[in-house]
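Engineer: One structure coming up, written as structure tokens, with questions to follow.
The values are calculated or read from the model by the stated rules, or taken from the named source; none is laboratory data. Small disclaimer: the values here were computed from a predicted structure and weren't measured. Cβ placement follows ideal geometry from the backbone for every residue including glycine, while neighbour counts extend to all protein chains displayed. These area figures cover heavy atoms from the full protein model, side chains too; ligands, DNA and RNA do not enter into them. Shrake-Rupley method; radii C 1.70, N 1.55, O 1.52, S 1.80 Å.
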Amino acid sequence: MNNFDWDKGFCLDFDLETAFSKTAEATKRRLSQMKGMFCDIRATEKILEKEDPVIYEFYELGCPERAGDLAFGTTILYPGKVGSEYYMTKGHFHTILDTSEVYYTLDGEGCMVMENMEGDTMERPLRKGEVLYVPRSYAHRMVNTGDTPLRTFFVFQADAGHDYGTIETKGYRKLIVEKDGNPAVVDNPRWI
Ligand code: MN
């Protein structure tokens, strides 16, 4: 599906619940597609014995991957935990590493976990009505620490590309877990 005119421009009724989600293409990520990404493998398996929950979904408009365009869309990250670890997106580097991204939080609360190739890590809050600038060269992953869906609008350089592989094989250095009822940043014991 691609009925947006990227050369002439277009207007879009941007209503996440109705119009936008009907015109954009949805991609769902279920727990079975994120096996091994949550630290607690046994907790993952236990959930999967009963169900395969949708962890997050994102909506894209099929922007051509060419320099000069801006791709945008929305992500809905559901609330929940696997073991003590909050639901999160897979996270990625951009293939063109030195490209940034803007996230505007439409609803919910959580954080963006970021790290670069040099091992510099940072976590910044995602709060309704606030914008987060993800700087160039940082892998980024959304984490939902609240109990409602975390909804964000994102914009990035259309030809930036997504590198999921580095994160899938190595994991993140930091995890966001619930500790005594509150979100806490801990070292990933399985980081290699
Ligand atoms: Mn990105």
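Engineer: For residue 192, work out the one condition from (1) closer than 19 Å to residue 37 by Cα; (2) among the aliphatic types (A, V, I, L, M); (3) in a strand (DSSP E or B) it doesn't fulfil.
Structural biologist: Among (1) closer than 19 Å to residue 37 by Cα; (2) among the aliphatic types (A, V, I, L, M); (3) in a strand (DSSP E or B), the lone unmet condition for residue 192 is (3).
Engineer: Write out, first by first residue and then by second, each pair whose Cβ atoms fall under 8 Å of each other, whose residues are 6+ apart or on separate chains, and whose first residue, in region 152-164, is within 11 Å of residue 63 (Cβ to Cβ) and assigned to a strand (DSSP E or B) while the second is of a type outside the set (A, V, I, L, M, F, W, C) and more than 10 Å from the ligand (Cβ to nearest atom).
Structural biologist: Every condition considered, the pairs that remain are 157/69.
Engineer: Any idea which of (1) buried (at least 21 other Cβ atoms within 10 Å of the Cβ); (2) of a type in the set (D, E, K, R); (3) not in a strand (DSSP E or B) is the one residue 136 doesn't satisfy?
Structural biologist: (1)
Engineer: Being touching a residue at least 24 places away in the same chain (Cβ under 8 Å), surrounded by 15 or more Cβ atoms within 10 Å (Cβ to Cβ) and not polar (S, T, N, Q) is the filter here; which residues of region 118-133 pass it?
Structural biologist: 123, 126, 132
Engineer: Pick out the one residue from 138, 103, 86 that is of a type in the set (Ser, Thr, Tyr), in contact with a Ser or Thr (Cβ under 8 Å, 6 or more places away or on another chain) and within 15 Å of the ligand (Cβ to nearest atom).
Structural biologist: Just one listed residue meets the conditions, 103.
Engineer: Looking only at residues in region 63-83 that are among the aliphatic types (A, V, I, L, M) and more than 12 Å from the ligand (Cβ to nearest atom), which one is most open to solvent (accessible area, probe 1.4 Å)? Steps first, answer last, please.
Structural biologist: Here is the first cut: in region 63-83, the ones among the aliphatic types (A, V, I, L, M) are 67, 70-71, 76-77, 82.
Remaining after also requiring more than 12 Å from the ligand (Cβ to nearest atom): 67, 70, 76-77, 82.
Details: 67: 79, 70: 103, 76: 9, 77: 0, 82: 1 Å².
Top of the filtered list is 70.
Engineer: Considering (1) touching a strand residue (DSSP E or B) at 6+ places or on another chain (Cβ under 7 Å); (2) open to solvent by 30 Å² or more (accessible area, probe 1.4 Å); (3) in contact (Cβ under 8 Å) with a residue 60 or more places away in the chain; (4) not basic (Lys, Arg), say which one residue 47 fails and leave the rest.
Structural biologist: The single condition residue 47 does not satisfy is (3).
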